[in-house]
Amino acid sequence: MARYTGPKTKKARSFGEAIYGPSRAFDKRKYGPGQHGPSKRRKQKSDYAIQLMEKQKAKYTYGILERQFRNTFDKASRKGGVTGEVLLQFLEARLDNTVYRFGISPTRRGARQLVTHRHICVNGVVTNIPSYQLKPGDVVSVRGKSQGLEVIQNSVEARSTETRKWNWLEWNPERKEGNFLEYPEREKIPEKINEQLIVELYSK
């Protein structure tokens, strides 16, 4: 499956934000990548460059390549409501992202791997498609024979309190099972993404 596999800290520095989670390397150098460091004067960005940067940040945050991201945007634009908000709701409803939110994996990249390796079930059926779109009422669980995996157990224990922050999800750590209750409201989504800039970019 095609995905970004390059240096994560360098990519996070280009956006000026730790989009892949806490990183000591990022904390040491929060300025953009380049041999001249933070002292090099950078040109003021055009409106198009700012819009493009915001779209790229959303893509790399959720681990999606261009074609899939554009298809998700087109789907969001056809649905009623505010296009930018619906776009983020669709991204949050991806199976790999939800596995990450539940705390089954500490990163989205790790969650994607668990899904593709057939460790995750949706409504009792093994599902190995990371982009699978969940709907309200769907039940996501760790496959029975995979529940003993050390990587899953450690992640669930480490993030048990964090999972409670997402009020559109309901997680049962004992059964390693969770419900996708509803699409999240925009103010509940923690990602620092200006979705309106993405809408403006694709509207050109």
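Taking the listed residues ILE64, ILE120, the one that is on the phi < 0 side of the Ramachandran plot, crowded, with 20+ Cβ neighbours inside 10 Å and at pLDDT below 95 is ILE64, with no other qualifying.
Just a yes or no: is a residue in segment 174-188 surrounded by 14 or more Cβ atoms within 10 Å (Cβ to Cβ) and free of Cβ contacts under 8 Å to residues at least 40 places away in the same chain? The answer is yes; a qualifying residue exists.
Regarding segment 135-153, can at least one residue be identified that is touching a Cys at 6+ places or on another chain (Cβ under 6 Å) and not charged (D, E, K, R)? Yes, that holds for at least one residue.
The values are calculated or read from the model by the stated rules, or taken from the named source; none is laboratory data. Note that the structure is predicted; figures quoted are calculated from it, not measured. Cβ atoms come from the backbone with ideal geometry, glycine included; neighbour counts cover every protein chain shown.
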